[in-house]
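The values are calculated or read from the model by the stated rules, or taken from the named source; none is laboratory data. Please read these numbers as outputs of a predicted model, since none were measured by experiment. Glycine also receives a Cβ, built like all others from the backbone with ideal geometry; neighbour counts cover every protein chain displayed. Areas reflect the complete protein model, heavy atoms only, side chains present, ligands, DNA and RNA absent. Shrake-Rupley method; radii C 1.70, N 1.55, O 1.52, S 1.80 Å.
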Amino acid sequence: MSDLETRQQAFARLFPDLPAYRQRQAAAAVFNVEWGSWTDVSPLPEAVRATAASEIPWITHNDHLIQESADKEAYKAALKLADGSGIETVLMRNRRGHWTVCVSSQVGCAMKCTFCATGTLGLKRNLNADEIVDQYRFWRRLMHQENMAGQITNIVFMGMGEPLANYEAVREALQQLLEHTDIGPTRITVSTVGLIPVLNQLLDDPEWPPVRLAVSLHSADQRTRERLMPTTYDVFLTDLAAWAERYLKQFKSRRRHLTFEYLMLAGVNDDADHAERLIEFAKPLGKVKINLIPYNATDAAYAGSPPDQVKRFAGWLTKAGLDVTRRRSLGQDIDAACGQLANKQ
Ligand code: SF4
């Protein structure tokens with residue numbers, strides 16, 4: 001957990017005698033897109049506004065750099081945090097003409113997935129809840145200021161970092177987003193490499209919000225997954241299947257469906273044998289979705305599967321009765337696509 005003080009902690013420290021409703025007003029205020037500083041928050045007493053303005057940063061980053069894809073369907077922002085750390089966040093137009101925000105949960109990442117640019121950075125530190133929600137606030141404010149059409153309807157935790165390795169801050173960020181935005185839990189997805197103890201913990205945690213989960217599977221073949229994701233231990237796939245069964249039993253509703261992400265890598269995990277392994281893994285679980293993701297070349301030693309092969313692979317899975325979706329890839333020209341966030345600025 002980051003030891004950085006959050007806005008709410010700072011507010012409580014500075015104004016210990018204020019009633020609880022003032023705390024709630026302050027927590028909600030930062031999500032009001034019309035307001036750009038504490039001095040704008042008219043419901044708070046003037047003296048409180050003035051102290052807050054000098055003591056509590058309104059937003060956790062102090063500089064940003066935005067890149068825009070040529071088709072204007074994706075934007076990437078590099079945000080500079082108070083301690084000088086850099087993170088990246090992405091805004092993408094989705095199929096319905098609305099927008100999805102992809103947030104980072106850590107500065108760097110310790111998971112070392114071999115296809116991922118962020119993995120090469122190592123872990124610098126966890127983000128706190130404010131630093132996570134402020135990525136959403138950044139885009140919301142920018143869209144408001146620029147009069148951009150459409151709304152932010154979805155948030156995905158698929159940027160830099162492994163969200164479940166920063167459990168408390170991610171949970172708090174989810175709670176804030178659900179409380180202070182109109183984005184519902186089925187429109188928020190937390191993506192993980194599959195940290196089994198934490199996945200079990202969240203099933204037992206009444207405070208964990210009912211958001212969607214996506215587990216990055218990328219291969220149902222032990223050797224191949226070990227090569228792609230060093231977090232894979234010798235009985236990982238067995239443990240993951242057992243956890244998925246538990247999840248599906250606990251949340252029978254379709255709204256809480258479980259997704260397995262599958263990055264399509266040429267000659268690595270995209271042939272008929274790998275499709276067979278995946279079918280053997282996922283079919284017995286029942287209601288799961290397989291999301292095939294086109295791979296965007298980074299400096300790593302992999303290439304994305306050609307579109308024809310992705311189509312063939314999807315066909316094998318569909319024929320076996322699996323629920324398969326294929327993700328569009330956006331923002332490749334600005335390195336904003338999955339696995340490309342590496343702070344090149
Ligand atoms: S894919 Fe995700 S979990 Fe793996 S190294 Fe990259 S950021 Fe970390």
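Observations
- Selection status of Glu261, open to solvent by less than 50 Å² (accessible area, probe 1.4 Å) and within 22 Å of Thr189 (Cα to Cα): yes
- Search result, residues across the range 277-291 that are surrounded by 15 or more Cβ atoms within 10 Å (Cβ to Cβ) and more than 25 Å from the chain's Cα centre (by Cα): Arg277, Ile279
- Filtering the range 170-181 to residues that are open to solvent by 40 Å² or more (accessible area, probe 1.4 Å) and either within 23 Å of Gly119 (Cα to Cα) or within 16 Å of the ligand (Cβ to nearest atom) (or both) leaves only Arg171.
- Residue list for the range 96-110, restricted to those being open to solvent by 30 Å² or more (accessible area, probe 1.4 Å) and within 16 Å of the ligand (Cβ to nearest atom): Ala110
- Hey, Trp139 away from the ligand (no atom under 16 Å from the Cβ), open to solvent by less than 40 Å² (accessible area, probe 1.4 Å) and out of contact with any helix residue (DSSP H, G or I) (no Cβ under 7 Å at 6 or more places or on another chain) or not: yes
- Qualifying residue in the range 198-205 (condition: charged (D, E, K, R), over 18 Å from the mean Cα position of the chain (by Cα) and surrounded by 18 or more Cβ atoms within 10 Å (Cβ to Cβ)): no
- Any hit, the range 315-330, residues being more than 16 Å from the ligand (Cβ to nearest atom), modelled with pLDDT under 95 and farther than 30 Å from Glu276 by Cβ: yes
- Residue count for the range 147-169 under the criterion of being part of a strand (DSSP E or B) and surrounded by fewer than 23 Cβ atoms within 10 Å (Cβ to Cβ): the result is 4.
- The number of residues in the range 216-258 being touching a residue at least 12 places away in the same chain (Cβ under 8 Å) and open to solvent by less than 70 Å² (accessible area, probe 1.4 Å) comes to 25.
- Count of residues meeting criterion [open to solvent by 10 Å² or more (accessible area, probe 1.4 Å) and over 20 Å from Ile87 (Cβ atoms)] in the range 182-193: 5
- Here is the figure for the range 116-131: residues that are within 7 Å of the ligand (Cβ to nearest atom) and either within 21 Å of Ala10 (Cβ to Cβ) or not polar (S, T, N, Q) (or both) total 2.
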